[in-house]
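Right, one structure below, let's go through it.
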Amino acid sequence: MTTRRLPLTGVRVLELGNYIAAPTAGRMLADFGAEVIKIERPGTGDELRNWRLKQGTTSMLYRTINRNKKSVVLDLRSDEGRASALELVRRSDIVLENFRPGTIEKWGLGPEVLEEANPDIILVRISAFGQTGPMSERPGFAAVAEGYSGFRELVGDPDRPPVRVGVSIGDSIAGMQAAFGAVMMLFDRQRQKIAGAAEAVVGSDHSFEGRGSLADRTVDVALNEAMFSVMESLVPDYSAFGETRTRTGGRMEGIAPSNGYLCAGGKSVVIAGNGDGIYRRLMDAIARPDLGEDPGLQTNAERWERREELDEAIGAWCAQRDVAEVVDTLEAAGVPAGPIYTAEDLVADEQLAARGMIQHLDVSTGEETKTDVAFPGITPVIGGSSIPIDHLGPDLGEHTDEVLAQLGGKRPEQD
């Protein structure tokens, strides 16, 4: 447990989210000191508890994404659950949700109700396609949104159907944007307070009676837009030049040589030799100065046209050497290169360990306690190393009594 004062200390977040997107945003806020109260349905809780479940009742995925939070069980479809939730809203800074648009409205917890309960509240909403527009009411997970964003079309090999990356990248990026949006609105709200725009009122340390309606403080994150936002110049290149990008496997369109290469022993490396000077050093390192000096290979555009030839030469060199030799040789030559890690490599990595990025905790599966389990650390780093994880994702309803006793009853008049 850290005793260090964290940047979001004093901020209270009510998380009405399931799966990965909103919980990722909540995790990021909790990691840096916010009190994140996660509301879970009775009986089953967040469905993530059962995703990739290897043993017991709670998955490592849930423990990871919901670390540093409190779990409170409420039935938001009931009058009692709704009333308790509104009490928590009155004492919170942010409400975070990722249900299908219209869901919290059906439960009697729509924006108007939230604003009536707490005129200062910031609302962060994550959905497949956003809260407005002709597709807003459609359901959809990140896998679908990745397709709509243009992202999925570029993942995989050109002679095969598009593939999915091995993590929930759409949910994670949307969660990051939601966390940024929440902090951005907190900053704006606090800036108004400092400027004398409003007076402090009942609530958390950061609460005040701000300007504008809740609509002005609503962060609307769409999964497809979050992925679209990282597509670089995909649309401008099409709009300006009529160019339609295609899948390039392990390469990046227009950049060469840069790819993954199989080494002796069955492991692979990534080599990025696409800078003009770096390219020539790479060719010298693999004993192919003829390619390095070739006048038709001095720019990225030229190298891209001959990418197969270059990859064949680099691949043949790598195949005769293990990963360590390849990386050491190229590092000495000033060529960016590195191993393609497995989970086993990650937990043994000295760089990650030096910055506190692998943290060991005991964790219950619901049936037994696993000791000294490695978990990813908190990013970004502040103060030189990763902040220690306070606690892993809680048991279902672990904090219900504590939170409702503290916040869910009648508030003291002096509060």
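Brief remarks follow.
- When each of the peptides 283-290, 57-64 is scored by the mean number of other C-beta atoms lying within 10 Å of its residues, the order from highest to lowest reads 57-64, 283-290.
- Test item: Cα-centred dipole of the range 297-378, Lys/Arg +1 and Asp/Glu -1 on Cβ, debye: 280
- Base-10 log of normalised Debye intensity for the chain (one unit scatterer per alpha-carbon) at q = 0.07, 0.08, 0.13 Å⁻¹: -0.43, -0.56, -1.17
- Normalised by residue count, the range 281-321 yields a Cα convex hull volume of 60 Å³ per residue.
- Shape class for the range 276-396, computed from the alpha carbon gyration tensor (a ≥ b ≥ c): prolate, with a/c not under 1.5 and a/b above b/c.
- Panel note: the C-alpha atoms of the range 1-72, placed on their principal axes, show extents of 35, 21, 19 Å (largest first).
- Were the residues from Glu309 through Gln192 laid out at 0.36 nm apart, the gain over their Cα-Cα distance would be 36.2 nm.
- Eligible lysines near Lys370 by straight Cα distance, threshold 25 Å, same-chain separation 8 or greater: Lys38, Lys54, Lys69, Lys70
- Solvent-accessible area per residue in the chain equals 50 Å², computed with a 1.4 angstrom probe and all protein chains kept.
- Convex hull volume per residue, computed on the Cα atoms of the range 335-378, equals 91 Å³.
- For the range 379-394, the Karplus equation 6.51 cos²θ - 1.76 cosθ + 1.60, evaluated at θ = phi - 60°, returns couplings of 10, x, 6, 10, x, x, 8, 4, 4, x, 5, 6, 7, 7, x, x Hz by residue, with Gly and Pro reported as x.
- Within the accessible area of the range 1-114, the carbon and sulfur atoms contribute 51%, probe 1.4 Å, all protein chains present.
- Residue-averaged [θ]222 nm for the chain, counting only DSSP H segments that reach four residues, each worth -39500 (n - 2.57): -10000 deg cm²/dmol
- Share of alpha-carbon pairs per 5 Å distance bin for the range 115-166, given as whole %: 4, 16, 19, 14, 14, 12, 9, 5, 4, 2, 2, 0
- The range 308-414 - percent of accessible surface contributed by carbon and sulfur, probe 1.4 Å: 49
- Peptides 340-350, 111-121, ordered by how many other C-beta atoms sit within 10 Å of their residues on average, highest first, read 111-121, 340-350.
- Förster radius 56 Å - calculated FRET efficiency between Glu325 and Ser78 (Cβ-Cβ, nearest 0.05): 0.30
The values are calculated or read from the model by the stated rules, or taken from the named source; none is laboratory data. Note that the coordinates shown come from a computational prediction; the quantities given were computed from them, not determined experimentally. Note that we place each Cβ from the backbone using ideal geometry, even for glycine, and neighbour counts take in every protein chain shown. Protein only, heavy atoms only, side chains kept; ligands, DNA and RNA dropped before computing areas. Shrake-Rupley method; radii C 1.70, N 1.55, O 1.52, S 1.80 Å.
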